[in-house]
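Report on the following structure.
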Amino acid sequence: MADIKVNGKSVTVDADDSTPLLWVLREHLGLTGAKYGCGIAQCGTCTIHIDGQAVRSCTYPVGALSGAEEITTIEGLSEDGSHPVQQAWVEMDIPQCGYCQPGMIMAVAGLLNNTPDPTDDDIDAQVTNICRCGTLARVRKGVHLAKTKA
């Protein structure tokens, strides 16, 4: 059993401590925005926030949480799509296939939490998610647009 706080709500889940947080979110709580990609924390498709920091949830065991942390998924980033990153993504029409985009949006939101005025070098260093469709150039433009909306 694990007591966690997800998107502002405290929940108890019946999961082994070694269960990756991604599976707790998807299978126990029905929050399917974070996707399974590689399973080894390399692609970033599973990115969520823990206390405002971008974290790859596919390798983060639920047992590593104390229960005091605030977990935010793409579903909890904003109720109405009004987060500056979400607005920039729509305005710039960034997604192509869209599979990686929830994780990409969460990585960018985490970047802006830590570095409100990132340079291209900051973006390249801190947003290491993989987009197989090649939208990374638009992602960079979207980050610059989002920082003006924040």
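At a glance:
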| quantity | calculated |
| --- | --- |
| Which listed residue, of C46, C38, is touching a Cys at 6+ places or on another chain (Cβ under 6 Å) and among the hydrophobic types (A, V, I, L, M, F, W, C) | C46 |
| Condition met for V6 (surrounded by fewer than 19 Cβ atoms within 10 Å (Cβ to Cβ) and under 18 Å from G67 (Cα atoms)) | no |
| V90 vs. criteria loosely packed, with under 13 Cβ neighbours inside 10 Å and either among the aromatic types (F, W, Y) or not in a loop (DSSP other than H, G, I, E, B) (or both) | yes |
| Residue match in region 89-112 (condition: closer than 30 Å to T12 by Cβ, within 16 Å of the chain's Cα centre (by Cα) and polar (S, T, N, Q)) | no |
| Residue match in region 18-25 (condition: under 29 Å from T115 (Cβ atoms), out of contact with any helix residue (DSSP H, G or I) (no Cβ under 6 Å at 6 or more places or on another chain) and surrounded by fewer than 22 Cβ atoms within 10 Å (Cβ to Cβ)) | yes |
| Condition check for V13: open to solvent by less than 20 Å² (accessible area, probe 1.4 Å) and β-branched (V, I, T) | yes |
| Sole exception among (1) at pLDDT 95 or above; (2) surrounded by fewer than 22 Cβ atoms within 10 Å (Cβ to Cβ); (3) out of contact with any Asp or Glu (no Cβ under 7 Å at 6 or more places or on another chain) for G98, by number | (1) |
| Candidate set: region 119-143, residues that are more than 23 Å from S57 (Cβ to Cβ) and in contact (Cβ under 8 Å) with a residue 24 or more places away in the chain; chosen: the one surrounded by the fewest Cβ atoms within 10 Å (Cβ to Cβ) | G134 |
| Unmet criterion (only one of (1) out of contact with any Ser or Thr (no Cβ under 7 Å at 6 or more places or on another chain); (2) modelled with pLDDT under 95) for P84 | (2) |
| All positions within region 4-37 that are at negative phi, in a loop (DSSP other than H, G, I, E, B) and more than 15 Å from the chain's Cα centre (by Cα) | D14, A15, D16, D17, S18, T19, L29 |
| Sole exception among (1) without any contact (Cβ under 8 Å) to a residue 60 or more places away in the chain; (2) touching a Pro at 6+ places or on another chain (Cβ under 9 Å); (3) crowded, with 17+ Cβ neighbours inside 10 Å; (4) closer than 24 Å to T12 by Cβ for V55, by number | (2) |
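The values are calculated or read from the model by the stated rules, or taken from the named source; none is laboratory data. Worth saying up front: this structure is predicted, and the values here are computed from it rather than measured. Please note: Cβ atoms are built from the backbone with ideal geometry, for glycine as well, and neighbour counts cover all protein chains shown. The area values use the complete protein model at the heavy-atom level, side chains included, leaving out ligands, DNA and RNA. Shrake-Rupley method; radii C 1.70, N 1.55, O 1.52, S 1.80 Å.
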